[in-house]
1. For segment 75-125, what are the residues that are over 22 Å from Ala28 (Cβ atoms), assigned to a loop (DSSP other than H, G, I, E, B) and in contact with a helix residue (DSSP H, G or I) (Cβ under 9 Å, 6 or more places away or on another chain)?
2. Scan segment 47-65 and tell me whether some residue there is touching a Pro at 6+ places or on another chain (Cβ under 9 Å), open to solvent by 40 Å² or more (accessible area, probe 1.4 Å) and not in a helix (DSSP H, G or I).
3. If you take the residues of segment 197-211 that are over 16 Å from Lys157 (Cα atoms) and of a type in the set (S, T, N, Q), which of them is modelled with the lowest pLDDT?
4. Within the bounds of segment 84-102, is there any residue that is over 17 Å from Ile52 (Cβ atoms), surrounded by 15 or more Cβ atoms within 10 Å (Cβ to Cβ) and β-branched (Val, Ile, Thr)?
5. Taking segment 1-45 as the search range and keeping residues that are in contact with a strand residue (DSSP E or B) (Cβ under 9 Å, 6 or more places away or on another chain), surrounded by fewer than 20 Cβ atoms within 10 Å (Cβ to Cβ) and part of a loop (DSSP other than H, G, I, E, B), which one is modelled with the lowest pLDDT?
6. If you scan segment 199-224, which residues turn out to be within 16 Å of Gly169 (Cα to Cα), open to solvent by less than 40 Å² (accessible area, probe 1.4 Å) and not aliphatic (A, V, I, L, M)?
Amino acid sequence: MIKEAIILAGGLGTRLRSVVDDRPKCMALIHGKPFLHYLIRYLQQEGIEKFIFSVGYMHEVIEEYLHSIKPALDFQISLENEPLGTGGGIQLACRLTTQTDVIVCNGDTLYKADISTLADFHKSVSAGCTLTLKPMKNFDRYGVVELNNDQSIFSFKEKRFYENGLINGGIYALNIPHFLNENLPEKFSFEKDYLEPKTTKNLSVPTLFGCIQDAYFIDIGIPEDYEKAEKEIMQHFPSDFF
């Protein structure tokens, strides 16, 4: 079982500024509590015991909140002194982990994937990285992930309208030694510079795999979905979750 998680909470949140302009987007309030509260609670219920928060923009707001709940949360802060991109942020945060594998997720996305299922599959195929993949219908906000028969990832397709497809749900199981041995630069995009070059479309030996889970998914990166989260989030979790 994977017991540690890296939460990417350093984004600028520019697309959400029209409705949330005084805090990082992971701290946007949903029914009086920051979105980060719901993400932490979900991960705790999935067996995560240690949290590493990759922060940058307005990190003081996030840190103040985390320290306010510290007795119930084992966490460390990985601070970017300058923007490192998603890949650079993960790479820096990996230095604080103690396990061979870690869960990585976005601080503005809540996806009720089963972490045990993800971790078991990840280890069974000896993956460098395993993505949770969410089946979607009639969408244009996300690109599509194509799989081979063994669930290794063949390719990532660009954003456009799709009638149906698998999207990257933003939760990863990552093998830390494999990732750190890539000799990647200090600043880079996890998606563009690490994931995309590792598909079997580009490499003969698969290291990226996809674990399909049709679970509740919400990404508050744009105002419409932030409003949607406020309406939906109470419907998808038990009362003791809050």
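The values are calculated or read from the model by the stated rules, or taken from the named source; none is laboratory data. Since the model is a prediction, treat every value here as computed from it, not as a measurement. With ideal geometry, Cβ positions are generated from the backbone for all residues, glycine too; neighbour counts draw on all protein chains shown. For the accessible areas, the whole protein counts, side chains as well, though only heavy atoms, and no ligand, DNA or RNA atoms are used. Shrake-Rupley method; radii C 1.70, N 1.55, O 1.52, S 1.80 Å.
1. Correct list: Leu84, Arg95, Thr97, Gln99, Thr100.
2. The answer is yes; a qualifying residue exists.
3. Residue satisfying both the conditions and the ranking: Ser204.
4. No, segment 84-102 has no match at all.
5. Checking each candidate, the answer is Val20.
6. Phe209, Gly210, Cys211, Gln213, Tyr216, Phe217, Asp219, Gly221
Here's the yes/no breakdown for (1) part of a loop (DSSP other than H, G, I, E, B); (2) in contact (Cβ under 8 Å) with a residue 40 or more places away in the chain; (3) surrounded by 12 or more Cβ atoms within 10 Å (Cβ to Cβ):
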site	(1), (2), (3)
Val145	no, yes, yes
Ile153	no, yes, yes
Glu163	no, no, no
Tyr172	no, yes, yes
Leu184	yes, yes, yes
Phe188	yes, yes, yes
Pro197	no, no, yes
Ala229	no, yes, yes
Glu232	no, no, yes
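Per-residue answers, yes or no, for (1) more than 16 Å from Thr109 (Cβ to Cβ); (2) polar (S, T, N, Q); (3) touching a helix residue (DSSP H, G or I) at 6+ places or on another chain (Cβ under 6 Å):
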position	(1), (2), (3)
Arg160	yes, no, no
Glu163	yes, no, no
Leu166	no, no, no
Ile171	no, no, no
His178	yes, no, no
Pro185	yes, no, no
Thr200	yes, yes, no
